[in-house]
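We did not get these values from a lab; they are worked out from the coordinates using the rules stated. The model shown is predicted, which means the values in this text are computed figures rather than measured ones. Cβ atoms come from the backbone with ideal geometry, glycine included; neighbour counts cover every protein chain shown.
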Amino acid sequence: MSQREIMDILILGSGPAALCLASELASQKLNISCISNESPDNKWNNTYGIWASELEELGLESFLSHRWSDTVSFFGDGANSTGNIATNHSYDYGLINRESFQKELLKRCEGIQWFNETATEIIYKGHISQVVCKSGLKLNSRLVVDASGHKSQFIKRPKIKEVAQQAAFGIVGRFSSPPVKKEQFVLMDYRSDHLEDKELLEGTPSFLYAMDLGNNIYFVEETSLASYPPLSKDCLKKRLYRRLEGKGIFIEEIIHEEDCLFPMNLPLPYKNQPILAFGGAASMVHPASGYMVGSLLRRAPKLAKKLKVFLNNPELSSIELAQRGWDVLWPFELVQRHKLYLYGLNRLMSFDEAMLRSFFINFFRLSTNEWSGFLTNTLPLPKLIFVMSKMFVKSPLKIKLGMLKFN
């Protein structure tokens, strides 16, 4: 490729967000290239869970490596955090087969040129953008899309003092006895009898996220929904081991360890910048749940089709193309929903362990369509307002006061 050639779109990144968008853009027959300091063939390390309905609606349920119908949570009984009564969700949950999903996206990206480079600067020259790489390579494109993740140095957004982070530490392995029932998935286990009273009063709450993977292999993960500052990997690891030991369960074999840390309340990027983003860089992480893959799959096709239309106009500059792209990615409806989720997250972060358990007990008393739509960000704005109002009305007084409190 000549350094003078002007591409339609240059994508930064090689993870799920980059591949989801690149695969859709490739189907639009656009001239696309990607830059990443990692190969797109590098295996993804993180576990991607998703409600099965999200993939079914897109005809992609074949990418589930595991699927559970026995989906439950444990919140204790009222003020008692040790109750063993399960909240049954009766809604299928699945685990994405990372390898087959990644291979399929790469197959759909066939024909796209990948540059193993690190972008260091983006210069805007008239109608086009020029990406300068660490090696000195310079690439020209009508539009640059940053899909490199939430740590992007190029995307501009309002600054906030406290960035709430979801943190987790997990183990795939074999145990002395099953940490969850056979063929069961546990979304949240907030029972905290393994912690001392002092830790409950002073520490950030965390819960167990766990699943039976078959063949006597289980995945267990201690997760902090969101906090500032975030819980450390060492703290979560210690809590996970104590949780297991409190049940008389010991780890016999560690097959894989994983830990993650990502922001939940990043403000939306400015729409008047000459670069577009997708995925974590575009604040697409769900502020209430931390999920993003379903959103990537739902929103990439529309964005790709619209960008194809915009690029058909040769008069549009990089900044004009980016602004139109931002309007597609974050229309008024989604912006308002994002604001509501951020408000809800802010209130949940102020709840102690007992209040969180009480909140979630009531939350999962909503209808399945209501709570699942809330967690997947698929409720239309009027319905979301209705569900949040309904939740408020049905909550105990202490939770109501906590929801209304302003920092």
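Which order do I123, I171, I50 fall in if you start with the one that has the fewest other Cβ atoms within 10 Å?
The most exposed by this proxy come first: I123, I50, I171.
What is the dipole size for the chain, taken about its Cα centre, with +1 at each Lys and Arg Cβ and -1 at each Asp and Glu Cβ, in debye to the nearest 20?
Charge dipole, the chain, about its Cα centre: 1320 debye, nearest 20.
Give, as a single signed number, the net charge of other residues whose beta carbon lies under 9 Å from the beta carbon of E370, with Lys and Arg counted +1 and Asp and Glu -1.
+2
Going down the table (K43/K103; K181/K247; K156/K271; K103/K305; K138/K302; K151/K302), which pairs top 20 Å between alpha carbons?
Beyond 20 Å between Cα atoms: K103/K305; K138/K302; K151/K302.
Which residue, chosen from I50, L19, Y241, occupies the Cα position most advanced towards the positive end of the dipole of the chain, where the dipole is computed from +1 (Lys, Arg) and -1 (Asp, Glu) charges on Cβ about the Cα centre?
After comparing all options, I get L19.
If you take the beta carbon distance between K107 and I6 as r and set R0 to 25 Å, what does 1/(1 + (r/R0)^6) give as a FRET efficiency, to the nearest 0.05?
0.40
Going 7 Å from the Cα of L58 toward and past its Cβ, which residues in the stretch 250-288 have a backbone nitrogen under 17 Å from where you end up?
Residues passing the 17 Å test: 278-287.
When only C-alpha pairs under 8 Å and at least 6 residues apart count, what is the relative contact order of the chain, in percent?
Contact order relative to length: 19 percent.
Once you have the Cα-Cα distance between E253 and L397, take 0.36 nm times their residue separation minus that, and quote the gain in nm to one decimal.
47.2 nm
So for the chain: antiparallel DSSP bridges make up what percent, rounded to the nearest 5?
If I count the DSSP bridges inside the chain, around 70 percent turn out antiparallel.
With a point put 7 Å past each Cα toward its Cβ, work out how far K233 is from A86 in nm, to one decimal.
Taking the two extended label points, one gets 3.2 nm.
For the chain, return all DSSP H helices satisfying: extent of Cα atoms along own axis at least 18 Å; mean Kyte-Doolittle hydropathy at least 0.0.
293-311, 381-394
Hey, rough spin-label estimate for T120 and S69, points 7 angstrom out along Cα→Cβ, what's it come to in nanometres?
The two pseudo-label positions are separated by 5.8 nm.
How high is the relative contact order of the stretch 351-404, in percent, with contacts defined as C-alpha pairs under 8 Å that are six or more residues apart?
About 45 percent, as a whole number.
By per-residue mean of other Cβ atoms within 10 Å, what is the highest-first order of 84-93, 230-239, 206-215?
206-215, 230-239, 84-93
With each label point set 7 Å from Cα along the Cα-Cβ vector, what nm distance links Q153 and L213?
3.5
Only four residue types carry charge here, +1 at the Cβ of Lys and Arg and -1 at the Cβ of Asp and Glu. Report the dipole size of the stretch 351-404 about the Cα centre in Debye, rounded to the nearest 20.
Charge dipole, the stretch 351-404, about its Cα centre: 180 debye, nearest 20.
Please enumerate, by chain and number, the lysines with C-alpha under 26 Å from the C-alpha of K394, excluding those fewer than 8 residues away in the same chain.
Within the straight-line cut-off, K394 pairs with K339, K383, K405.
Quick one: V387, V131, V145, fewest Cβ neighbours within 10 Å first, how do they rank?
By the 10 Å Cβ count, ascending, the order reads V387, V131, V145.
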